[in-house]
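*Asks:* One structure, as structure tokens, below. Some questions next.
The values are calculated or read from the model by the stated rules, or taken from the named source; none is laboratory data. Note that the structure is a prediction, hence the values are computed from the model and not measured. Every residue, glycine among them, receives a Cβ derived from its backbone with ideal geometry; neighbour counts consider all protein chains shown.
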Amino acid sequence: MDFLSVQVIKAEIGSVTGLSDSALHIYVGIIVLLTTAAVLRKPLWSFVPWLMVLVVAIIGELVDMPGDFIRLGYWRWEESLRDVRNSMFWPTVILVFIRSGIFLSAKYLSGKQARAPFCLIRERRIEEDNHNYFFYLIWERRKWEESHNYF
């Protein structure tokens, strides 16, 4: 694909949506974060979705760089840095807030459990144990009924 056609496609997306280049970078960052988390089944507190946003933003700027050289004769690295910053802002805010535990209720933050991943993993493990115990009770009840000829 020609580098100038990439620039034309980006300009068309901007004109169709009515969004500026900066706003498009913000939306793309959030979409890549959420899509990566969903597809890879990684929680938002994982660094994997955040790193994927960084990789996509850097690749996007590397694709834009030859277009700048062709049209202007030089690379506008300040614009590229601004675009990467716009793409990374909200994913970084989301990662920091979730990892800090700000959005968790008080029951998750009791004692030494101050970080979201460990609190949520512990809570999920308790739920799984209760779920397994429930099926254990059903199985034991069935064995008891079979031994007493209720069927």
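*Asks:* For segment 68-75, check the following and say yes or no: at least one residue is within 19 Å of Ala23 (Cα to Cα) and in contact with a helix residue (DSSP H, G or I) (Cβ under 9 Å, 6 or more places away or on another chain).
*Replies:* At the first step, the residues of segment 68-75 found to be within 19 Å of Ala23 (Cα to Cα) are none.
The answer is no; no qualifying residue exists.
*Asks:* Related question: Given the conditions (1) without any contact (Cβ under 8 Å) to a residue 40 or more places away in the chain; (2) loosely packed, with under 12 Cβ neighbours inside 10 Å; (3) of a type outside the set (Lys, Arg), which single one is not true for Phe47?
*Replies:* If we test Phe47 against (1) without any contact (Cβ under 8 Å) to a residue 40 or more places away in the chain; (2) loosely packed, with under 12 Cβ neighbours inside 10 Å; (3) of a type outside the set (Lys, Arg), just (1) comes out false.
*Asks:* Hey, another quick one. Hey, does segment 58-71 have a residue that's in contact with a Phe, Trp or Tyr (Cβ under 6 Å, 6 or more places away or on another chain), surrounded by 13 or more Cβ atoms within 10 Å (Cβ to Cβ) and either in a loop (DSSP other than H, G, I, E, B) or modelled with pLDDT under 80 (or both)?
*Replies:* Within segment 58-71, one or more residues are in contact with a Phe, Trp or Tyr (Cβ under 6 Å, 6 or more places away or on another chain), surrounded by 13 or more Cβ atoms within 10 Å (Cβ to Cβ) and either in a loop (DSSP other than H, G, I, E, B) or modelled with pLDDT under 80 (or both).
*Asks:* So which residues in segment 58-103 are more than 28 Å from Ser5 (Cβ to Cβ) and polar (S, T, N, Q)?
*Replies:* The answer is Thr92, Ser100.
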